Amino acid sequence: MRLLLVEDNDRLAQLVVKGLSEAGFTVDRVARLDEAAAALAAGKFDTVVLDLSLPDGDGGEWLRKRRAAGDKLPFLMLTARASTGDKVKGLNSGADDYLAKPFEMEELVARLKALLRRPGGVLGLTLELGRLSFDTVHRETAVAGRRLSLSASELTLLELLLRRAGRVVPRRLLEEGLYGFDDDVGPNSLEAHVSRLRKKLEAAEAGVEIHTLRGVGYLAAERSE
Amino acid sequence: MSPSQPFRSLQFRLAWRLALVVSAVVLATSFAILLHRRSGMTDIPREELIEAIDQVTAGLSLGSDGKPQLSLPANPEYNYAVATADGKSLFASARPPGQAPPGWSAGFLGEGSQAVAFRRLDTAIGRVEIRVGVENRQGWAAVLSRELDEELLPVLLPTLLAALIIGALTLRDGLRPLQRLASVAAGITPAGSERRLPLDDLPRELAPLVHAINAALDRLDEGFRAQRDFTADAAHQLRTPLAILSAHLDTLDDRTVAASLREDVARMSRLVEQLLQVAELEALTLKPQERTDLSALAREVAEALAPMALTRRRDIAVTGAEAPVTVHGNHDSLHQALRNLVENALHHTSEGTTVDIAVQSEPPSISVSDRGPGIPAADRKNLFQRFWRTERSSGRGAGLGLAIVQRIATAHAARIDVDDAPGGGARFTIRFAG
């Protein structure tokens, strides 16, 4: 996974490069927007971590122009400005996610992996969590290499949950995903599907837990032993 | 212009002085009229005296016993005397007028109020001499007081009253711009510090004062803004060093030291975050059309905090958020308030329990309950003060979180209450006004 870090603070950049490298990323670091443009033109990157305020301009403006020009790379915006207004501005400029300084490396890695797990992302082909792996191309699941057979609706649910592993997937999103599999998507049909999926994962010892957040949605996470 | 201190009131003082002036003018005018009347008196008696002689003449008659009689109206306003031709007095008032010169059949004596008229003529009781005069102060004063009662007062009193009422109304009307200014000034708060006193439709005399006040407000606002910006800038500037510190911790070999330092960094980050929130809040004003759906808000906050909660083996649930519950409110600040409450609840609720976010529509409210130790009644009223901390929150946060929630609620004309959650624990509720 090749990543471009655009950050002008040398000390912070150094530490982030170190942290991301340990998490398995290959990191190129630049300190200015013109250097970033040059790096992106020269090499192929899977994702970009972009600081909002840089010596030669505003990262948000720069990204907006790139998006208008058709750049589809996943961008994560990093900034010291964390007022809610700035957050909206950051996402409006076309960033896929937004992280305010100070942040924990763990959080940055998790957010980046979530970005890369999106359809089209470099991690989007095979989703992994615990001992479970999900091949999104052939729509097959396996636990520690052993094939796990799931129904089409269960696969849909699982994919939605795995693409946002560690984060809440709202009920509405899951219900929309299920629509079409079930003739009546009643108030309890989502619960019934999740409950079946949960039992299968447990029986296969997939090491994946599906948490219910009553009234909110579901969250898939690695089972803590 | 406190009504309890009338002498401090400009309106009262002006009205009082105006009343004095008007009364003095009316009194002086009346007095002048009376003086004029009095000098006029000196010319009038001749006709009155002739009338009086006629009256006395008509009043003379012979009684059934053959004696002369005089019948006059009670308390005549003149003095009189009736004598026989040879000078024997027949009738006289208490202070008869002076003697008449012999030989004349009629005539006037004296001047003005001393005037006396006499006539010698044949009457019902034979030839007599009749003298009348007005040398009678009491009578004169009575004439004046009657004139005052009958002619002056009916005109003067209503005029005086009308002048006073019109004066008071004019004053009140003239001072109305002051009251309008006062009501505008009362609305100038830290959150609405850009408001200024209106200069339109203002008496020219007030304009310099209002200009001066507005200029003073400008200077205060500038200072206030500078302080607010400083807080925000300082907080921003602290973020990058904190990020470096945090990233550095990940590279430490000693994991236990790193974990403990990370807690400290997290606490500092939280404080910086809250300082920023406070700075933002100072400028928070609600736009009239802003609407926020409490149900969506509850789900958003739950989604955002659930991963952290689950990591710490706490659960979050949302109830009552199936249908939208829309209130007049600013989404971002309400999000912040709810987030603070839920973070607080997650910190206090015991492991393995659930923090409940409940949305209610009638009246619109949102509440957060935890399964912690609850909050003693004695601590509840201090809970929302800045930097106030109970022992139960020792070691974490600066005590700004709930003060921020309180400020946001106040900006929304909402009330925040704390009570016991059913089944134990604390419950915070933000109630909106319809």
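The values are calculated or read from the model by the stated rules, or taken from the named source; none is laboratory data. Everything quoted here is computed from the prediction, not taken from an experiment. Note: ideal-geometry Cβ built from the backbone for every residue, glycine included; neighbour counts use all protein chains shown.
Applying the criterion of being in a helix (DSSP H, G or I) and of a type in the set (Val, Ile, Thr) to the residues of segment B:251-269, the residue that is nearest to the other protein chains (Cβ to nearest Cβ) is B:Val265. What is the residue count in segment B:303-338 for residues that are within 45 Å of the chain's Cα centre (by Cα) and more than 10 Å from chain A (Cβ to nearest Cβ)? The number of residues fulfilling the criteria is 9.
Going by the structure shown, is A:Glu202 away from chain B (no Cβ under 14 Å), within 21 Å of B:Ala323 (Cβ to Cβ) and not in a strand (DSSP E or B)? When the stated conditions are applied, A:Glu202 does not pass them. Is it fair to say A:Arg147 is modelled with pLDDT of 90 or more and over 21 Å from the mean Cα position of the chain (by Cα)? Taking the combined requirement at face value, the residue satisfies it.
Remark: pairs (first residue in segment B:230-245, facing chain A (nearest Cβ under 8 Å); second residue assigned to a helix (DSSP H, G or I) and among the charged types (D, E, K, R); Cβ separation under 7 Å; 6+ apart in sequence or on different chains) = B:Ile244/A:Arg11.
In the set (1) within 14 Å of chain B (Cβ to nearest Cβ); (2) more than 17 Å from the chain's Cα centre (by Cα), A:Met105 fails one condition alone, (2).
A single entry from A:Arg223, A:Arg163, A:Arg146, A:Arg172 fulfils the requirement of being surrounded by 19 or more Cβ atoms within 10 Å (Cβ to Cβ), on the phi < 0 side of the Ramachandran plot and not hydrophobic (A, V, I, L, M, F, W, C): A:Arg163.
Residues in segment B:308-334 that are assigned to a helix (DSSP H, G or I) and surrounded by 20 or more Cβ atoms within 10 Å (Cβ to Cβ): 3 in all. A residue that is at pLDDT 85 or above and aromatic (Phe, Trp, Tyr) occurs nowhere in segment B:96-114. Just so you know, in segment B:55-69 the residues that are out of contact with any Ser or Thr (no Cβ under 8 Å at 6 or more places or on another chain), closer than 13 Å to B:Leu90 by Cα and among the aliphatic types (A, V, I, L, M) include one that is surrounded by the fewest Cβ atoms within 10 Å (Cβ to Cβ), and it is B:Leu62. Would you confirm whether any residue within segment B:346-360 is assigned to a strand (DSSP E or B) and away from chain A (no Cβ under 14 Å)? No, that holds for no residue.
Residue-wise test of (1) closer than 18 Å to A:Ala206 by Cβ; (2) within 14 Å of chain B (Cβ to nearest Cβ).
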residue	(1), (2)
A:Ala110	no, yes
A:Leu116	no, no
A:Pro119	no, no
A:Val122	no, no
A:Leu125	no, no
A:Asp135	yes, no
A:Glu140	yes, no
A:Val143	yes, no
A:Arg147	yes, no
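Give segment A:26-53 a look and list any residue that's aliphatic (A, V, I, L, M), under 18 Å from B:Ala243 (Cα atoms) and buried (at least 21 other Cβ atoms within 10 Å of the Cβ), or say none. Within segment A:26-53, A:Val49, A:Leu50, A:Leu52 qualify.
Of the residues making up segment B:273-284, those that are assigned to a helix (DSSP H, G or I) and more than 8 Å from chain A (Cβ to nearest Cβ) are B:Gln274, B:Leu275, B:Gln277, B:Val278, B:Ala279, B:Leu281, B:Glu282. Taking the criterion of being surrounded by 23 or more Cβ atoms within 10 Å (Cβ to Cβ) and more than 10 Å from chain A (Cβ to nearest Cβ), the residues of segment B:293-302 that qualify are B:Leu294, B:Leu297.
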